[in-house]
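Asker: Please see the structure below; I have some questions.
The values are calculated or read from the model by the stated rules, or taken from the named source; none is laboratory data. Computed from a predicted structure; not experimentally measured. A quick note on method: Cβ atoms are made from the backbone with ideal geometry, for glycine too, and the neighbour counts reach across all protein chains shown. We work out accessible area using only protein heavy atoms, side chains counted, and drop any ligands, DNA or RNA first. Shrake-Rupley method; radii C 1.70, N 1.55, O 1.52, S 1.80 Å.
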Amino acid sequence: MKAIRRFTVRTVLPEPLRPLEELVLNLRWSWHHETLDLFHDVDPTLWDEVRQDPVRLLGEVDPERLELLARDRRFLRRLHDTADDLRDYLNEPRWYQSLADGPRAVAYFSPEYGITAALPQYSGGLGILAGDHLKTASDMGVPIIGVGLLYRHGYFSQSLSPDGWQLERYPPIDPNGLPLTLLRDENADPVGISIGLPQGRDLHAQVWLARVGRVPQLLLDSDVEVNDQPARDITDRLYGGGGDHRLLQEMLLGIGGVRAIRAYCRISGHAEPEVFHTNEGHAGFLGLERIRELISDEGLGFDEALEATRAGTVFTTHTPVPAGIDRFPRELVRRYFGGANEDHDVPVERILELGAEDYPDGDPTVFNMAVMGMRLAQRVNGVSTLHGEVSREMFGGLWGGFDRAEVPIGSITNGVHAGTWVGREILELASREVPSVVEAGQGWEKVRDVSEREMWRVRRVLRERLVQSARTRLGESWRTRGAGEAETAWIDEALDPDVLTIGFARRVPSYKRLTLMMRDPERLRAILLDPDRPVQIVIAGKAHPADEGGKRLIQAIVRFADAEDVRHRVVFLPDYDIALGRLLVQGCDVWLNTPLRPLEACGTSGMKAALNGALNLSVRDGWWDEWHDGQNGWAIPSADGLAGPDRRDALEAAALYELLEDHVSAMFYDRDASGLPRRWLEMVKHTIATLGPKVLATRMLRDYVTECYTPAASSARAMGADGYAGARSLAAWKQRIRKAWPGVAVEHVETQGEESPHVGTRLPVRVVVDLGGLEPSDVTVEVAHGRVDETDAIAEPSYLELTRPEPAGDGRLRYAGEVPLVRSGAFGYSVRVVPRHEMLADRAEMGLVAVPPPPHGMTNGDLR
Ligand SMILES: *Cc1c(COP(=O)(O)O)cnc(C)c1O
């Protein structure tokens with residue numbers, strides 16, 4: 001019989017064990033080994049049965065066992081020590097507390113979070129990154145408040161059918177059975193959030209509070225009784241439904257999220273955020289809510305509120321894959337934000353403008369969440385150097401007149417949280433050399449001092465753990481697929497703890513090319529079965545439930561791995577999640593990645609593997625394009641732009657096989673007299689020592705704090721001071737500039753001495769401009785100069801600002817200056833006028849520029 005309601009009954013702990021509850025309710029346990037050890041010792045067998053989920057552990061542990069522990073003095077001492085350690089961790093000053101001018105608080109919005117396998121609220125890299133961001137903020141004392149949704153069915157768990165087809169299950173989640181508490185007000189009543197919907201309806205939500213170390217995380221949940229069933233189902237699944245459903249989720253996340261923050265800060269006394277960080281477009285509506293607040297609370301106009309909001313907003317874009325970007329039909333947005341639900345302060349037409357693709361190649365029928373995110377944020381970044389470039393190209397239309405290089409989208413390369421991803425044995429090795437290696441994220445270079453024998457021993461421990469665990473998982477998977485006892489006996493011998501182990505695990509969108517390694521199955525088979533230098537591959541990954549193509553790729557892999565001759569050397573492990581990911585990145589010797597360049601924005605799994613001493617074997621894309629140095633792994637040459645898709649796959653697969661045969665396995669099996677692969681270990685140590693400091697999320701967060709959060713807070717303060725005088729004047733100024741801009745022109749440019757230019761001389765330039773009624777202080781007039789290519793483009797221009805204009809008649813102005821000629825070769829220059837205001841974060845911010853009429857710029861012959 002099926003239960004009509006389900007709930008979780010919480011154990012009442014004996015008084016002496018009460019601190020256990022405090023420990024469980026703070027997710028710091030997910031990356032704190034001593035706390036996990038303590039949970040393990042509560043009931044070692046049960047701990048494995050509940051898959052290391054402490055809430056389930058306490059829910060299912062035998063009360064007699066608890067009574068026993070409540071009298072166990074040694075256990076109690078450890079319990080108190082661990083609880084004291086947590087309190088110290090929560091209260092002592094950390095890195096951020098030594099800074100002077102950082103924001104008082106930062107709100108971080110993300111549609112998904114990967115914190116622990118016990119909270120399956122993530123689908124892939126975006127969520128894992130968000131989880132690592134919060135954990136690292138906690139370690140560094142950065143005052144972040146995380147905001148998200150609580151999905152009642154999370155993301156699916158994956159299994160396989162007998163013929164290798166992906167099956168999805170959405171196990172229901174009872175928030176009472178999770179390490180969450182309901183946010184309650186002063187009277188202990190649950191806090192209710194609501195947002196308006198069409199036809200005068202409201203969508204209600206409650207708010208769950210998770211504690212990620214020092215960081216509070218607010219999760220909105222629409223499954224409350226005041227909602228009708230469709231409304232209750234809005235937060236049912238991550239990336240589940242189509243247009244309407246998705247839009248409603250995002251309205252709740254953005255608009256409801258801001259309201260939840262206001263409630264939380266009021267109740268807890270937490271500082272109000274000065275900066276809002278939008279992790280990908282999904283949460284973009286938060287900007288609209290803040291505009292609405294400013295209009296109603298501060299009496300600002302829409303444009304003034306927009307300036308104030310933008311100043312304190314950071315937007316991070318995460319993918320160059322168009323399908324990864326949220327786009328809604330404009331009509332849908334009009335339906336939900338217009339009509340009876342229209343807020344007269346935030347007119348739907350203004351909202352539509354913010355998300356409009358009103359640039360060449362844009363689609364006039366869609367509302368683009370990333371585009372809105374960029375218009376609502378004064379600071380925008382991609383997630384690796386290469387992705388920054390790709391994003392400037394992709395979104396350059398928003399800053400029309402500027403060269404791609406000047407599009408104001410920067411980049412901060414992602415990083416990973418060491419405490420979560422690095423094997424305990426590696427952490428112990430590292431902290432033997434440097435005690436502060438984990439907490440401070442520093443000192444990884446000392447790993448060079450670890451002996452090679454010691455490093456090899458630890459690498460084997462981790463590989464062996466992966467092999468053991470893979471066998472267990474493989475056995476479970478085969479039984480689920482209907483195999484009997486006799487058919488699974490071989491699994492006890494599957495994989496080998498001494499064989500070169502390659503890991504490949506990721507979501508399965510087509511650009512990740514799950515099956516590239518199988519392009520030539522016979523060649524792969526020969527590599528796996530090489531009698532002297534065998535190779536084994538462990539594969540995992542989930543396809544989006546609606547992605548039939550992805551499921552076919554998984555099926556192809558599973559069928560290949562089912563074959564009797566190779567099944568001990570290649571395995572597909574179902575249900576890729578944080579727990580499996582940890583096991584893989586720690587246990588593999590080589591981390592393989594074969595995306596279609598440049599579609600991998602960053603990729604983080606290879607960083608996790610590198611921190612554990614795995615060598616990367618990857619197409620130069622994302623972070624690997626930036627940090628591959630020839631000694632930390634191998635770059636698979638990309639045939640990007642050289643060949644059609646099929647030919648390209650063939651070329652890249654052939655290069656992959658060649659690297660595997662001639663370099664990777666050759667080096668792994670090249671042993672000295674004592675059995676150590678010296679050259680391999682040299683690369684391992686080099687990898688940890690040099691990549692360690694770069695790929696850590698501590699580096700990433702420091703970059704966000706110094707390059708984004710702190711400048712954004714300072715811009716926001718400049719806007720807000722004196723009753724938002726800054727926002728008011730900036731909005732008025734921009735309006736004046738936009739109106740006058742069509743009249744701004746560079747009318748005349750003249751130089752002398754172009755006939756015989758020499759290095760070391762100066763080129764005098766005189767310019768006549770019409771400012772169309774603007775003041776000289778409203779603009780910068782500048783000469784862009786530098787080397788030119790065959791098309792006369794100035795590749796990396798330097799700028800000389802021209803000052804002190806003189807009247808040139810008819811309201812025109814004459815500017816003059818001298819361009820230094822510092823290098824020989826083809827040289828060119830041009831002149832332009834751009835708006836200038838101290839509150840602009842970038843000269844391209846408004847997308848306005850005036851240049852001389854064509855042919856502009858002048859090229860000279862060689863400079864001597
Ligand atoms: C790290 C991680 C990802 C993201 O990895 P990519 O390299 O960006 O594909 C996805 N899922 C899980 C479970 C992870 O641990």
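Asker: Taking helices (runs of 4 or more DSSP H) that fall entirely within the stretch 248-315, which contain at least 3 residues that are touching a residue at least 12 places away in the same chain (Cβ under 8 Å) and among the small types (Gly, Ala, Ser)?
Answerer: 257-268, 302-311
Asker: Could you list, in sequence order, the residues of the stretch 221-245 that are in contact with an Asp or Glu (Cβ under 7 Å, 6 or more places away or on another chain) and open to solvent by 10 Å² or more (accessible area, probe 1.4 Å)?
Answerer: Residue satisfying the conditions is ARG232 alone.
Asker: Look through the stretch 398-421, keep the residues that are hydrophobic (A, V, I, L, M, F, W, C) and touching a Lys or Arg at 6+ places or on another chain (Cβ under 8 Å), and return whichever of them is most open to solvent (accessible area, probe 1.4 Å).
Answerer: ALA405
Asker: Just name the residue that is nearest to PHE302 (Cα to Cα) out of those in the stretch 373-397 that are open to solvent by less than 10 Å² (accessible area, probe 1.4 Å) and in contact with a Phe, Trp or Tyr (Cβ under 8 Å, 6 or more places away or on another chain).
Answerer: LEU376
Asker: Restricting to the stretch 579-592, give me the number of residues that are more than 9 Å from the ligand (Cβ to nearest atom) and of a type in the set (D, E, K, R).
Answerer: Matching residues across the stretch 579-592 total 1.
Asker: Out of everything in the stretch 177-189 that is open to solvent by 70 Å² or more (accessible area, probe 1.4 Å) and under 19 Å from SER222 (Cα atoms), what residue ends up being farthest from the chain's Cα centre (by Cα)?
Answerer: ASP189
Asker: Residues in the stretch 156-172 that are open to solvent by less than 20 Å² (accessible area, probe 1.4 Å) and under 14 Å from VAL508 (Cβ atoms): how many?
Answerer: Within the stretch 156-172, residues that are open to solvent by less than 20 Å² (accessible area, probe 1.4 Å) and under 14 Å from VAL508 (Cβ atoms) number 5.
Asker: Among the residues of the stretch 466-512, count how many are open to solvent by 20 Å² or more (accessible area, probe 1.4 Å) and within 16 Å of TYR576 (Cβ to Cβ).
Answerer: Here the count works out to 8.
Asker: Among (1) open to solvent by 20 Å² or more (accessible area, probe 1.4 Å); (2) within 14 Å of the ligand (Cβ to nearest atom); (3) not charged (D, E, K, R), which single condition is LEU553 missing?
Answerer: (2)
Asker: Next question. Being of a type in the set (Val, Ile, Thr) and either modelled with pLDDT under 95 or closer than 30 Å to ARG717 by Cα (or both): is that true of VAL55 here?
Answerer: yes
Asker: While we're looking at this one, here's another question. Look at the stretch 510-536 and say how many of its residues are outside any helix (DSSP H, G or I) and either away from the ligand (no atom under 16 Å from the Cβ) or not polar (S, T, N, Q) (or both).
Answerer: Matching residues across the stretch 510-536 total 12.
Asker: To continue, here is another question. Residues that are of a type in the set (A, V, I, L, M): which strands (runs of 3 or more DSSP E) entirely in the stretch 703-810 hold 3 or more of them?
Answerer: 744-751, 762-771, 779-787
Conditions tested, residue by residue: (1) part of a helix (DSSP H, G or I); (2) away from the ligand (no atom under 16 Å from the Cβ).
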| position | (1), (2) |
| --- | --- |
| ARG432 | yes, yes |
| LYS446 | yes, yes |
| SER469 | yes, no |
| ALA483 | no, yes |
| GLU487 | yes, yes |
| TRP490 | yes, yes |
| PRO497 | no, yes |
| ARG507 | no, no |
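Asker: What are the residues in the stretch 593-636 that are open to solvent by less than 10 Å² (accessible area, probe 1.4 Å) and more than 11 Å from the ligand (Cβ to nearest atom), if any?
Answerer: THR594, ALA610, LEU611, ASN612, GLY613, ALA614, LEU615, LEU617, VAL619, ASN632, GLY633, ILE636
Asker: So, one more: Determine whether GLY200 is open to solvent by 20 Å² or more (accessible area, probe 1.4 Å), closer than 30 Å to LYS542 by Cβ and at pLDDT below 95.
Answerer: Answer is no for this residue.
Asker: If we scan the stretch 828-840, do we find a residue that is over 30 Å from GLN735 (Cβ atoms) and surrounded by 19 or more Cβ atoms within 10 Å (Cβ to Cβ)?
Answerer: For the stretch 828-840, residues over 30 Å from GLN735 (Cβ atoms) and surrounded by 19 or more Cβ atoms within 10 Å (Cβ to Cβ): present.
Asker: Okay, next question. Tell me, which residue of the stretch 118-174 that is within 16 Å of the ligand (Cβ to nearest atom) and of a type in the set (Val, Ile, Thr) is nearest to ALA107 (Cα to Cα)?
Answerer: THR136
Asker: Return yes or no: is ARG65 loosely packed, with under 15 Cβ neighbours inside 10 Å and in a loop (DSSP other than H, G, I, E, B)?
Answerer: No; evaluated as a whole, the condition is false for this residue.
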